[in-house]
Amino acid sequence: MFCIPADQVLNRKMLQNARHIKPNTMEDTAKKGIYKVKRRDFLKIGAVSTGGLLLGVPLSCNTRNQYLTGDAESVFSPGVYIQLLGTGEVSLYAHRSEMGTGIKTTLPLIIADELEADWDKVKVVQATGDYKYGDQNTDGSNSIQKHFDLLRKAGATARLMLIKAAALEWGVPVSECKAENHTVVHQSGKVFGYGYLADKASALEIPDDSEVSLKSVKDFNYISKKSSIYDLKDIVSGKAEFGIDVTIPGALIAVIARNPENGAGINSFNAEKALAVPGVVSVFQLETTDWAFGLEKALGGIAVVAQNTWAALKAKDLLEVDWKKGEHAAYDSEAYWEQQLQNTKRKGIAKRKEGDVEAAFKNASEIVEGFYQVPHYAHATMEPPCATVHCKTDGSIEVWAPVQSPQWARGAVARALSVDEEKVRVNVTLLGGGFGRKGKPDFVVEAALVSKKMNKPVKLIWTREDDIQHDFYHTISSQYIKVGIDENNKVTAWLHRALYPGIGWGPSQTMPSIGELCLGMLDMPFDIKNVLCETNDSAKHIRLGWLRSVSNIHQAFAINSMLDQVAEKRKTDPIENALELIGEDRNIDFASKVDGFSNYQTNPAEYPRSTKRLKDVIRKVRELSNWGEALSAGRFRGFAVHSSFLTYVACVVEIELDKYKNVKIPNVYYAVDCGIPVNPDRIKAQFEGGAVFGISLALKSEITVKNGQVVQSISMTMK
């Protein structure tokens, strides 16, 4: 049972002062203006109606996914849309993907709050994959960060236009009118509904920015309030459409047998037994790349296409395949891990250097050392990858898929099939979990290749075994931390070496990028005079990808483990130890400490790292967990603190060991400071899920590789 007190995810004092804390926005978006959409242009986006008030919200899309295509040319994106019909119904477009975070609800909720809309009259429309919707990549915990200010402004602009329309109708000053629960009210008591005002407001000019005012925090109706997700009723009743639920008339089912050594090819195969299974339509070879490091490339293999799922899976099991051995056939993760650990003892390439750690170590009274290793992890989303694709006779391609980055999927399909992107339409379904795995569109490309071959719609399904054995795994890593303590029991030196291959595009990226190292390591917040952070090469032998908090996983683990060791050596309470090491209240200028410092793609001057906010969550979790109280026999507590994705988090976990040394987790306590908590219910859910996710990684989720092949299949067991 997880005990997470309701108020821990919402810093009340911070909420009261929320005007003074920007909730993770992107500076360039606020400079763009709201605009009226021309009717003929709105028809192009497939809207069901063109009546009423129709506004465009220009969201940032700095590049046409340049990190995917290599094309650095900036592309203008009109963004998402607000439509208010004469019926009073408001349609708000959600341009990000829903995978349990509630983002499909939360982004429109921001507009609705400023618009003074009645949420029961709001229709949320899931945007297709298209650059006109701005940056749709639902990854990196940045959906609110990038769009909060602009979406508030969009809602406030529409609200003002409705107020102006009502004022004109009544012949009264705008100052005598206010918007309230889907109506505009005059101080005399007269009321107009939004539906009545929609067409009248659409005839007005867009107000100047100086006229538009945002609501006060105290007047929020939805923001910072508990809100159920838009699709909740359909999800709990089984009506919601996830990727696996898509049904297209005449669609075939496809599965793929893949080389157990990722990316290696095929010598030969015999499909005679497979083709004899009733319902099997075709068996053929998909082209296999020498090594599928590319995050959008199909692994290739033997495709089995059938009229139903049972036939496809049965036939796949009956295939007789002689698999090739590839260049990574000798990869053994245990041996690699041991060698990587040895390499952490060698001097590396400095990425952050302050003072003189060697001199400090020579003068230290105590030395504390620790080695920390994290294995490969698989995403293991509840819904494995799947996609339905219809390559039509007119040359167009329609996709239905649970993807985190629909624009990338669209481009990847276009490139794989050598067609213009404009011919590809990507419909985004609900995602049964993502964690970064469904940000990569390789499985969508596979479905498109099979559909093109068959000239029919095809639903491609990955089995759980496929999912575990052919994932984009969390990188395997080894770290070494050495700390010096002087004669006054003060920490004077900190050396941290981290070795793991970067995610990147290919085998050449054998060293973590600055961006990856800035996820916990180079932005270490302790006030220590002598600091040295280093890295070195680690060869890449398997597909690697983003998994939830990415490098924060292993770097926060190593640093917090060392914190415990230091506290023990100093004979200090772990929480007091952390508070002391963090030091005085200040904003840390990491940009001056780290060349190329990455602050989660935000301006460090606008979003500084605050030690006060970090210490505040530590003190809060100490209070919530009753830290320091005596525990019964067999019960223990652990504490950790970390800052990632511009959010400050402290955590206390209680564990209990029974007489058989089985681990139980009675309670997990979090204190979270994320700025303005737009949707507290979803924040709480994310941290509840994070607790389960973290415990799973710690106890039962190791992925090992022998002879180039992932050992685990359906279940992931503890080493």
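The values are calculated or read from the model by the stated rules, or taken from the named source; none is laboratory data. What you see is a predicted model; the values in this text were computed from it and never measured. Glycine also receives a Cβ, built like all others from the backbone with ideal geometry; neighbour counts cover every protein chain displayed. When the accessible area is computed, the model is the full protein with side chains, heavy atoms only, and any ligands, DNA or RNA have been set aside. Shrake-Rupley method; radii C 1.70, N 1.55, O 1.52, S 1.80 Å.
Return the residue satisfying two criteria in turn: it lies in segment 317-367 and is acidic (D, E) and open to solvent by less than 50 Å² (accessible area, probe 1.4 Å), and of such residues it is nearest to K482 (Cα to Cα).
Of the residues in segment 317-367, the ones acidic (D, E) are 317, 320, 322, 327, 332, 334, 338, 354, 356, 358, 366.
Right, trim to open to solvent by less than 50 Å² (accessible area, probe 1.4 Å) and you get 332, 354.
Values: D332: 28, E354: 15 Å.
My answer is E354.
Here is a check on your reading of the model: is V444 over 23 Å from I553 (Cα atoms), in contact with a helix residue (DSSP H, G or I) (Cβ under 6 Å, 6 or more places away or on another chain), modelled with pLDDT of 95 or more and not in a strand (DSSP E or B)? Spell out the reasoning first.
Numbers: over 23 Å from I553 (Cα atoms): yes; in contact with a helix residue (DSSP H, G or I) (Cβ under 6 Å, 6 or more places away or on another chain): yes; modelled with pLDDT of 95 or more: yes; not in a strand (DSSP E or B): yes.
Taking the combined requirement at face value, the residue satisfies it.
Yes or no: segment 249-257 includes at least one residue that is within 30 Å of L430 (Cβ to Cβ), out of contact with any strand residue (DSSP E or B) (no Cβ under 6 Å at 6 or more places or on another chain), outside any strand (DSSP E or B) and modelled with pLDDT of 95 or more.
Filtering segment 249-257 for residues within 30 Å of L430 (Cβ to Cβ) gives 249-257.
Then drop every residue that is not out of contact with any strand residue (DSSP E or B) (no Cβ under 6 Å at 6 or more places or on another chain), which leaves 249-250.
Now narrow it down to the ones that are outside any strand (DSSP E or B): 249-250.
Keeping just the survivors that are modelled with pLDDT of 95 or more gives 249-250.
The answer is yes; a qualifying residue exists.
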Within segment 285-298, is even one residue outside any loop (DSSP other than H, G, I, E, B) and at pLDDT 95 or above? yes
Selection from segment 161-181 of residues touching a residue at least 40 places away in the same chain (Cβ under 8 Å) and surrounded by 21 or more Cβ atoms within 10 Å (Cβ to Cβ) yields M161, L162, A179
Got a sec? Which of K664, K659, K684, K700 is open to solvent by 50 Å² or more (accessible area, probe 1.4 Å) and in contact (Cβ under 8 Å) with a residue 60 or more places away in the chain? K684
Checked pairs for segment 234-252, first open to solvent by less than 70 Å² (accessible area, probe 1.4 Å), second modelled with pLDDT of 95 or more and in a helix (DSSP H, G or I), C-beta under 7 Å and 6 or more apart or across chains, list as A240/D234; L252/M454
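Of S549, S508, S561, which residue is assigned to a helix (DSSP H, G or I) and either among the polar types (S, T, N, Q) or open to solvent by less than 10 Å² (accessible area, probe 1.4 Å) (or both)?
Values: S549 fails: assigned to a helix (DSSP H, G or I); S508 fails: assigned to a helix (DSSP H, G or I).
Of the residues listed, the single one that is assigned to a helix (DSSP H, G or I) and either among the polar types (S, T, N, Q) or open to solvent by less than 10 Å² (accessible area, probe 1.4 Å) (or both) is S561.
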Of the residues that make up segment 260-282, is at least one touching a Pro at 6+ places or on another chain (Cβ under 6 Å), in contact (Cβ under 8 Å) with a residue 60 or more places away in the chain and farther than 16 Å from V321 by Cβ? no
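Just to check your reading of the model, which residue among V184, V124, V191 is touching a strand residue (DSSP E or B) at 6+ places or on another chain (Cβ under 6 Å) and open to solvent by 40 Å² or more (accessible area, probe 1.4 Å)? So that I can check it myself, show each step before the final result.
On the way: V184 fails: open to solvent by 40 Å² or more (accessible area, probe 1.4 Å); V124 fails: open to solvent by 40 Å² or more (accessible area, probe 1.4 Å).
Among V184, V124, V191, only V191 is touching a strand residue (DSSP E or B) at 6+ places or on another chain (Cβ under 6 Å) and open to solvent by 40 Å² or more (accessible area, probe 1.4 Å).
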Looking at segment 361-382, I want the residues that are farther than 20 Å from Q565 by Cβ and have a partner that is of a type in the set (S, T, Y) and in a strand (DSSP E or B) with Cβ atoms under 7 Å, at least 6 apart or on another chain. Which pairs are those? H376/Y473; Y377/Y473; A378/Y473
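For segment 391-405, which positions are touching a Gly at 6+ places or on another chain (Cβ under 9 Å) and open to solvent by 30 Å² or more (accessible area, probe 1.4 Å)? Before you say what the answer is, go through the steps one by one.
Let us first name the residues in segment 391-405 that are touching a Gly at 6+ places or on another chain (Cβ under 9 Å), namely 399-405.
W400 - this is the single residue of segment 391-405 that is touching a Gly at 6+ places or on another chain (Cβ under 9 Å) and open to solvent by 30 Å² or more (accessible area, probe 1.4 Å).
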Would a scan of segment 532-548 turn up a residue that is under 22 Å from R613 (Cβ atoms) and in contact with a strand residue (DSSP E or B) (Cβ under 6 Å, 6 or more places away or on another chain)? no
Do you know which residues across segment 460-505 are open to solvent by less than 10 Å² (accessible area, probe 1.4 Å) and aromatic (F, W, Y)? W462, F472, Y473, W494, Y500
Pick from segment 564-608 the residues that are polar (S, T, N, Q) and not in a helix (DSSP H, G or I): which of them is nearest to the chain's Cα centre (by Cα)? Q601
Restricting attention to segment 258-280, the residues that are in contact with an Asp or Glu (Cβ under 9 Å, 6 or more places away or on another chain) and outside any loop (DSSP other than H, G, I, E, B) number exactly 8
Residue selected from segment 127-150 under the condition in contact with a Lys or Arg (Cβ under 8 Å, 6 or more places away or on another chain), within 19 Å of Q83 (Cα to Cα) and open to solvent by 10 Å² or more (accessible area, probe 1.4 Å), by the criterion modelled with the highest pLDDT: T128
Of the residues that make up segment 420-437, is at least one without any contact (Cβ under 8 Å) to a residue 24 or more places away in the chain and either open to solvent by less than 10 Å² (accessible area, probe 1.4 Å) or not in a loop (DSSP other than H, G, I, E, B) (or both)? yes
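On the given criteria, is G689 surrounded by fewer than 18 Cβ atoms within 10 Å (Cβ to Cβ) and under 18 Å from V550 (Cα atoms)? Walk me through it before giving the result.
Numbers: surrounded by fewer than 18 Cβ atoms within 10 Å (Cβ to Cβ): yes; under 18 Å from V550 (Cα atoms): yes.
Spelling it out, G689 is indeed surrounded by fewer than 18 Cβ atoms within 10 Å (Cβ to Cβ) and under 18 Å from V550 (Cα atoms).
For L449, indicate whether it is touching a Lys or Arg at 6+ places or on another chain (Cβ under 6 Å) and surrounded by 23 or more Cβ atoms within 10 Å (Cβ to Cβ). Working first, answer last.
Values: touching a Lys or Arg at 6+ places or on another chain (Cβ under 6 Å): no; surrounded by 23 or more Cβ atoms within 10 Å (Cβ to Cβ): yes.
No, not satisfied.
Across segment 93-105, what is the number of residues that are outside any loop (DSSP other than H, G, I, E, B), modelled with pLDDT of 95 or more and open to solvent by less than 10 Å² (accessible area, probe 1.4 Å)? Lay out the reasoning, then the answer.
Pass one, segment 93-105, residues outside any loop (DSSP other than H, G, I, E, B): 93-94, 103-105.
Remaining after also requiring modelled with pLDDT of 95 or more: 103-105.
From what is left, the residues that are open to solvent by less than 10 Å² (accessible area, probe 1.4 Å) are 105.
Count: 1.
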Say whether the condition of being within 24 Å of the chain's Cα centre (by Cα), over 24 Å from Q712 (Cα atoms) and assigned to a strand (DSSP E or B) is met by at least one residue in segment 478-498. yes
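Take segment 198-213 and flag every residue that is touching a residue at least 60 places away in the same chain (Cβ under 8 Å) and surrounded by 14 or more Cβ atoms within 10 Å (Cβ to Cβ).
So the first thing to find is which residues in segment 198-213 are touching a residue at least 60 places away in the same chain (Cβ under 8 Å), and the list is 198-199, 201-202, 206, 209.
Listed by number, the residues that qualify are A198, D199, A201, S202, I206.
Can you tell which of A311, A335, A306, A298 is touching a strand residue (DSSP E or B) at 6+ places or on another chain (Cβ under 7 Å), small (G, A, S) and under 22 Å from L544 (Cβ atoms)?
On the way: A311 fails: under 22 Å from L544 (Cβ atoms); A335 fails: touching a strand residue (DSSP E or B) at 6+ places or on another chain (Cβ under 7 Å); A306 fails: under 22 Å from L544 (Cβ atoms).
The match here is A298.
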Verdict on R637 being farther than 23 Å from T475 by Cβ and either touching a strand residue (DSSP E or B) at 6+ places or on another chain (Cβ under 6 Å) or not in a helix (DSSP H, G or I) (or both): yes
